[in-house]
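Student: Would you mind keeping the following structure in view while I ask a few things?
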Amino acid sequence: MSSIAVAPRPHRVLADVVARPSTRSRAFAVDAALVTAGALFVAVLAQVSIPLWPVPITGQTLGVIVVGAALGARRGAASLTVYLLAGLAGLPVFADFTGTIAAVAKPSFGFIIGFIAAAAVAGWFAERSWDRRPVLAFVGFAAASVIPFLFGIPYMALILNAVLGMELSFWQILEAGLFPFIVGGIIKAAIAAALIPAAWALVRRLDRR
């Protein structure tokens, strides 16, 4: 008998239940539409913005978590990649209806890069059915909410210190790029942990009819 363990197959996410294409060609078209819709959803929430230096508080993280959980890891990451590329191409999808290649020089751009990985993490938890129970959903989504900071804070420090020559200390970097966002991040994870399980409950109710 083989001792090689077989990895469990990921469970369906919300998008798999709501959109059920009948052929492979239709599946590709549906995936493309879902990825595009996810990028648009994040772009809309990006305009819910509270100006703050050097990184504004926006609704993007909530959008990232919801998109990742609803689409799954692969499509969620693809959706945020589309969002990033659309902004760099000049479409006004970033906060305050901005979008330009010059965004790479902004202290906040590292967070946008981190959104891709965050969506993948949220999707990974969803593919293991963590998104169907509020408590587990909150834990998974809170973990996903941490990911943008792992990219954003070092990137912000690089721009502020190495590029702009501000010579901020590590503590000052955290005061600018982490501490103001902790409470908001918890609230966004809680909102997503209420929305996604509620959507699952609605789907189950409709399936029983």
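Student: I'd like the residue in segment 117-130 that is over 10 Å from residue 144 (Cα atoms) and crowded, with 23+ Cβ neighbours inside 10 Å and, out of all such residues, is nearest to the chain's Cα centre (by Cα).
Tutor: The selected residue is 126.
Student: Looking only at segment 32-68, count every residue that is in a helix (DSSP H, G or I), among the polar types (S, T, N, Q) and surrounded by fewer than 23 Cβ atoms within 10 Å (Cβ to Cβ) and tell me the total.
Tutor: 1
Student: Now for a different question. Any idea which of 162, 189, 176 is closer than 23 Å to residue 11 by Cβ and either buried (at least 21 other Cβ atoms within 10 Å of the Cβ) or not basic (Lys, Arg) (or both)?
Tutor: That would be 189, the only listed residue that is closer than 23 Å to residue 11 by Cβ and either buried (at least 21 other Cβ atoms within 10 Å of the Cβ) or not basic (Lys, Arg) (or both).
Student: A further question follows. Pairs needed: first member in segment 55-84, under 17 Å from residue 185 (Cβ atoms); second member anywhere, basic (Lys, Arg) and at pLDDT below 95; C-beta distance under 7 Å; at least 6 residues apart or different chains.
Tutor: 61/188; 62/188; 65/188
Student: Which condition breaks for residue 141 when tested against (1) part of a helix (DSSP H, G or I); (2) more than 14 Å from the chain's Cα centre (by Cα); (3) buried (at least 21 other Cβ atoms within 10 Å of the Cβ)?
Tutor: Result: residue 141 fails condition (2) only.
Student: Further, regarding this structure: If I filter segment 109-127 for residues that are assigned to a loop (DSSP other than H, G, I, E, B), closer than 28 Å to residue 15 by Cβ and at pLDDT 95 or above, do I get at least one hit?
Tutor: Yes, because at least one residue in segment 109-127 is assigned to a loop (DSSP other than H, G, I, E, B), closer than 28 Å to residue 15 by Cβ and at pLDDT 95 or above.
The values are calculated or read from the model by the stated rules, or taken from the named source; none is laboratory data. The shown structure was predicted, so the numbers you read here are calculated from the model rather than taken from an experiment. Note that each Cβ is placed from the backbone with ideal geometry, even for glycine, and that neighbours are counted across all protein chains shown.
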